[in-house]
Each structure stands twice: as structure tokens, then as C-alpha cells.
Amino acid sequence: MGKRRGRPAARDGDRPGGRAGGRDRRGGADRAPRLTVAERLEAGEISRDDAVEKAREVVLRILTAAQKSRRELEQSLARKGYPEDVVAQVLDRFGEVGLVDDATYAETIVRTRHAERGLARRGIAAELRRRGIDEDTATVALDQLDPDDERAAGARAAAKLVTRTRSLDRQVRVRRAVGSLARKGYPPGLAFELVRDALAAEGEETDDLGYAED
């Protein structure tokens, strides 16, 4: 019998997992970058009505999870590639039906941050800016804070802060508590006064107390 001829070496594309015909090592076809909604709209792949409906669904999903400002929603839709005119149309409609309302949103932030976190007016104002609330709307919302209530909230926060550090040196306790209140938006002078009062309530001597900056 004649010798059996050896089988020809398999080409790369013939082997399992080999690349051929534009396929990657895992057997998947090379994929082109995914088009944004704006690009699909421009290319005629979807209609404007389709883009508006998709944007509407995105906004509904976001608002189902948490209340947002108009600016936050604009940024979310922009990151997803929606054109500005589509975004404006959708958010205008949500505003008309009261689902996007920066004034109500700002008032909610003021109430919750003050009551639950003990933030002062300045600290809450900074958060409103980060969330895209305009200055006029923020001012109206912040006006619901009574100065006496703000001081009372600061006093409660100071009492908790000094209680947690009873084993530490007095000056260290002061620095830490004042620093924490400052991060909540309390002016340094008021923060120091509140901490000093909290220490005095514990029976600490405070007449000689001086505040050393970190």
C-alpha cells in the first residue's frame, strides 16, 4: 500500500477560534462603534418621534429612581447622545406636567439636608449649585431655613461630635468637631462657639479654650 499523505496544515481561519472573515479570537464579528441617537437620527435610521420617545423613556426611568433637577437630566441625556432640541422638547413637556420642577426639588433638598444631615445654609447652597439649581431658585428654597433652627441643628451636631471623642485631648476634640461642622457649612466662628458650648455642657472647662486651625 502507498503511503498516506498527511493532511494539509489547517489555515488560521479553519481552526476553532481562528480569525477569518473579520472575526475576532472569540469568534465574534468585529463591531463598528455604536452610533449615538443624534447620529442615528441624522443618518435617517430613526425618526425624530422615535428619538423623542426614547428620551422620554430614559427620563422616566431616571425619575422613577430619584428626583432630579432639569440640569441633571440634561446632562444625563447629553451623555447618552441625545440632541439638544430633543432634550429640550422632552424636558419642557415633563416640566408642564410637574414631573420636572426645580423649585420643588430645591425645597426638598433644603428640608432633608437640614433635618437629616444637619447641614447649614451655606452647605446646602453648595449642593444646590452642584445639582444645577439656579441662584434665584436656590435663594427662595433656602429662605425656608430659620436662623434659630439652623443654630439648633448645629448645636445638636456639635453635641454628637464631642461625645464621640471623649477619650481624646480637648484641643483635638475641638479641631475635629469644628472641622466637621465647617464641612457641613457652618461658619468657623459659629462652629467653634457651638463646640465650646457642647463641651461646657459636658462639664469641660472652656474659659481658657483657644481654637487652633488644622
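The values are calculated or read from the model by the stated rules, or taken from the named source; none is laboratory data. Predicted model only: the values in this text are computed from it and were never measured. Ideal geometry is used to build each Cβ from the backbone, glycine not excepted, and the neighbour counts take in all protein chains shown. Quick note on the areas: whole protein, heavy atoms, side chains included, nothing else; ligands and nucleic acids left out. Shrake-Rupley method; radii C 1.70, N 1.55, O 1.52, S 1.80 Å.
Put simply, of 205, 193 the only residue that is of a type outside the set (Phe, Trp, Tyr), part of a loop (DSSP other than H, G, I, E, B) and open to solvent by 60 Å² or more (accessible area, probe 1.4 Å) is 205.
Every residue, every condition in (1) in a helix (DSSP H, G or I); (2) open to solvent by 80 Å² or more (accessible area, probe 1.4 Å); (3) not polar (S, T, N, Q), yes or no:
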| site | (1), (2), (3) |
| --- | --- |
| 39 | yes, yes, yes |
| 42 | yes, yes, yes |
| 45 | no, yes, yes |
| 56 | yes, yes, yes |
| 62 | yes, no, yes |
| 73 | yes, no, yes |
| 76 | yes, no, no |
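Please indicate, with yes or no, whether at least one residue in the range 16-24 is surrounded by 10 or more Cβ atoms within 10 Å (Cβ to Cβ), over 32 Å from the mean Cα position of the chain (by Cα) and modelled with pLDDT of 85 or more.
Looking only at the range 16-24, we keep the residues that are surrounded by 10 or more Cβ atoms within 10 Å (Cβ to Cβ), and these are 17-20, 23-24.
Then drop every residue that is not over 32 Å from the mean Cα position of the chain (by Cα), which leaves 17-20, 23-24.
Those left that are additionally modelled with pLDDT of 85 or more: none.
Looking for residues that are surrounded by 10 or more Cβ atoms within 10 Å (Cβ to Cβ), over 32 Å from the mean Cα position of the chain (by Cα) and modelled with pLDDT of 85 or more, one finds none in the range 16-24, hence no.
Condition check for residue 96 on (1) touching a helix residue (DSSP H, G or I) at 6+ places or on another chain (Cβ under 8 Å); (2) within 30 Å of residue 52 (Cβ to Cβ): one failure, at (1).
Going by the structure shown, is residue 90 within 30 Å of residue 160 (Cβ to Cβ), touching a residue at least 24 places away in the same chain (Cβ under 8 Å), assigned to a helix (DSSP H, G or I) and not charged (D, E, K, R)? Reasoning before the result, please.
Details: within 30 Å of residue 160 (Cβ to Cβ): no; touching a residue at least 24 places away in the same chain (Cβ under 8 Å): yes; assigned to a helix (DSSP H, G or I): yes; not charged (D, E, K, R): yes.
Considered against the rule, which asks whether it is within 30 Å of residue 160 (Cβ to Cβ), touching a residue at least 24 places away in the same chain (Cβ under 8 Å), assigned to a helix (DSSP H, G or I) and not charged (D, E, K, R), residue 90 comes out as no.
Among the basic types (Lys, Arg), out of contact with any Gly (no Cβ under 7 Å at 6 or more places or on another chain), surrounded by 13 or more Cβ atoms within 10 Å (Cβ to Cβ) and not in a helix (DSSP H, G or I) - does that describe any residue in the range 178-190? Checked against the condition, which is being among the basic types (Lys, Arg), out of contact with any Gly (no Cβ under 7 Å at 6 or more places or on another chain), surrounded by 13 or more Cβ atoms within 10 Å (Cβ to Cβ) and not in a helix (DSSP H, G or I), the range 178-190 yields no hits at all.
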